């Protein structure tokens, strides 16, 4: 087997093995938000979508929520404040292409940044 074919085989095995886990990281947690056009207590309302674009399941997804304020209650099973962190879906699994949605209301948008997760590939 030529050296280039061997190298291609090694790369393929790596990707099929542990390589999948390596391509899944915090950037695989996509966060998008839009205004809903509604107001809550005079504040604009925003809809947040959190999507797992990793082909592996992610658990214990945590966001940096330092400074996050809302006048609209959020269901704790969706987003639970824990000090300066937010726990998504109570730490339960978020599968490939799952989308978690919630609304909040404040005078401006808040930038949610993923800070940790556990990747589970089978």
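The values are calculated or read from the model by the stated rules, or taken from the named source; none is laboratory data. Everything numeric in this text was worked out from a predicted model, so none of it was measured. When we count neighbours, we look across all protein chains shown, and the Cβ atoms used for this are built from the backbone with ideal geometry, even at glycine.
Points to keep in mind about this one:
- Residue that is modelled with the lowest pLDDT, among those in segment 82-93 that are part of a strand (DSSP E or B) and either out of contact with any strand residue (DSSP E or B) (no Cβ under 8 Å at 6 or more places or on another chain) or over 10 Å from residue 60 (Cβ atoms) (or both): 82
- The single residue among 96, 68 that is modelled with pLDDT of 95 or more, assigned to a loop (DSSP other than H, G, I, E, B) and surrounded by fewer than 17 Cβ atoms within 10 Å (Cβ to Cβ) turns out to be 96.
- Subset of segment 42-53 [in contact with a strand residue (DSSP E or B) (Cβ under 7 Å, 6 or more places away or on another chain) and either closer than 16 Å to residue 106 by Cβ or part of a loop (DSSP other than H, G, I, E, B) (or both)]: 43, 44, 45, 46, 47, 48, 53
- Looking across segment 71-82, the residues that are within 18 Å of residue 99 (Cα to Cα) and surrounded by 14 or more Cβ atoms within 10 Å (Cβ to Cβ) come down to 74, 78, 79, 80.
- Taken over segment 54-65, the criterion of being touching a helix residue (DSSP H, G or I) at 6+ places or on another chain (Cβ under 8 Å) and part of a loop (DSSP other than H, G, I, E, B) is satisfied by 54, 55, 56.
- Residue count for segment 35-64 satisfying the condition of being surrounded by 16 or more Cβ atoms within 10 Å (Cβ to Cβ), under 19 Å from the mean Cα position of the chain (by Cα) and farther than 30 Å from residue 122 by Cβ: 1.
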